[in-house]
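Laboratory data are not the source of any read-out in this text; all were calculated from the coordinates shown. Keep in mind that what you see is a predicted model, and the values were worked out from it rather than measured. Please note: Cβ atoms are built from the backbone with ideal geometry, for glycine as well, and neighbour counts cover all protein chains shown.
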Amino acid sequence: MHEHTPWEARAFWLREPGIGEIRDVPLPEPGADDVVVRTLRSAVSRGTESLVFGGRVPTSQYDVMRAPFQDGDFPGPVKYGYLNVGRVEAGPEHLRGRTVFCLHPHQTTYVVPAGAVTPVPDGVPVHRAVLAGIVETALNALWDQPPLIGDRIAVVGAGVLGCSVARLASQVPGTTVTLVDVDPSRAGVAEALGVAFAEPEEASGGCDLVVHTSATSAGLQRSLDLLAPEGTVLELSWYGDEPTTVSLGGSFHSGRLSLRASQVGRVAPARRDRRTTGERLALALELLRDDAFDCLLTGESDFEALPEVMPRLVSRELPALCHAVTYGAASSEEVSCSA
């Protein structure tokens, strides 16, 4: 039987493209198989949430791009987001009091089916657990195009997703992984992740695999240029309504190069018959025992400040890799809330 539930919460909404606001939202009465979760931290998925905030989701992708617990519709008003860690305050006994990850928007408290939350493992702190959705995307990408022992790999675009891919790929024995980015300050992040760094014009070619995450035509072109003959570019960028231009002359045909898309909405075909999305997310959380991921957590602000902070993140005035959102008194309980 459920404990007393606060029937109202506060949530961040995009009122219209470029304008966010905090709204009071009603909570549904939880059923027997639901959980009530009080948010400890959430995080801004910068690439996708920037496109949503700017109203740049193509009409043809409105259904595809819906977040699991999105309210409203694109281009707005819409409540969007999917990196949330909280504490279960009411629900089935095996989950009560547990720290969990959920693909839920930025909101102080929420009610979801118990199957929608994944317990955070021992050894994964709350502040790092918000990365689970990003690491899950990186994991799925490397199921789509697994790096082989000894591969030369470049990751073009040193945002939080590219950095996560680089860290995972670097754990394959014998691989040489280079993060490639136009921002030279990302060299320090690459060092913390245990991989090399190069600016685009300095990056070495002859790569067996290039993973592209910069969401720019120039980055995609450079990714193709870095490939060895018969190599593959794995495309993880999402461009929204931005046109993409790439030259397929040169070595594209003579080198028999491949360009392959990866997207987290479905489990990669290589594991689709043997892993559920829930198992994939649980594995991503296990991978976050690696404290090297802490270097990706480079900014935070209070939930109530999101309407002012989000435009600054989108404009890159705030240059955070992963920007965390704290929830007042709840954030101070992170240590005691770990399962």
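Amide H contacts of Ser45: Tyr82, each under 5 Å away and 5 or more positions distant or on a separate chain (H built 1.01 Å from N in the peptide plane; Pro and chain starts excluded).
Relative to 2.2 N^0.38 Å, what does the C-alpha radius of gyration of segment 47-127 come to as a ratio? Two decimals please.
Normalised by 2.2 N^0.38 Å, the Cα Rg of segment 47-127 equals 1.25.
Extension gain for Ala187 to Phe252 (0.36 nm times residue separation, less C-alpha to C-alpha distance): 20.5 nm. In order along segment 140-151, phi translates into HN-Hα couplings of 4, 4, 7, 6, 5, 9, x, x, 9, 3, x, 5 Hz, rounded to whole numbers, per the Karplus curve 6.51 cos²θ - 1.76 cosθ + 1.60 with θ = phi - 60° and x for Gly and Pro. The translational diffusion coefficient of segment 233-323, from Stokes-Einstein at 10 °C and 1.306 mPa s with a Kirkwood hydrodynamic radius over alpha carbon pairs, comes to 91 µm²/s. Direction-averaged projected area, Cα convex hull, the chain: 16.8 nm², rounded to one decimal.
What do you get for trypsin sites (Lys or Arg not before Pro) in segment 87-128 restricted to DSSP loop and a cutoff of at most 15 other Cβ within 10 Å of the site's Cβ?
Passing both the DSSP loop test and the Cβ count: Arg96.
Protection proxy ranking, highest mean first, for peptides 111-122, 227-238, 198-209: 227-238, 111-122, 198-209, where packing is the per-residue count of other beta-carbon atoms within 10 Å, averaged.
For segment 160-215, the fraction of alpha-carbon pairs lying more than 16 Å apart is 36 percent, rounded to a whole number. Where only DSSP H runs of four or more residues are counted, the chain gives -6500 deg cm²/dmol as its mean residue ellipticity at 222 nm, each run worth -39500 (n - 2.57). Sorting the segments 289-299, 268-278 by their mean number of nearby beta carbons within 10 angstrom, highest to lowest, gives 289-299, 268-278.
Going from the residue with the fewest nearby Cβ atoms within 10 Å to the one with the most, Val264, Val211 rank Val264, Val211. What whole-number distance in Å separates the alpha-carbon centres of segment 223-242 and segment 90-169? One Cα centre to the other: 23 Å.
The ellipsoid equivalent to the alpha-carbon distribution of segment 158-314 has semi-axes of 26, 21, 18 angstrom, derived from the gyration tensor eigenvalues as √(5λ) and listed largest first.
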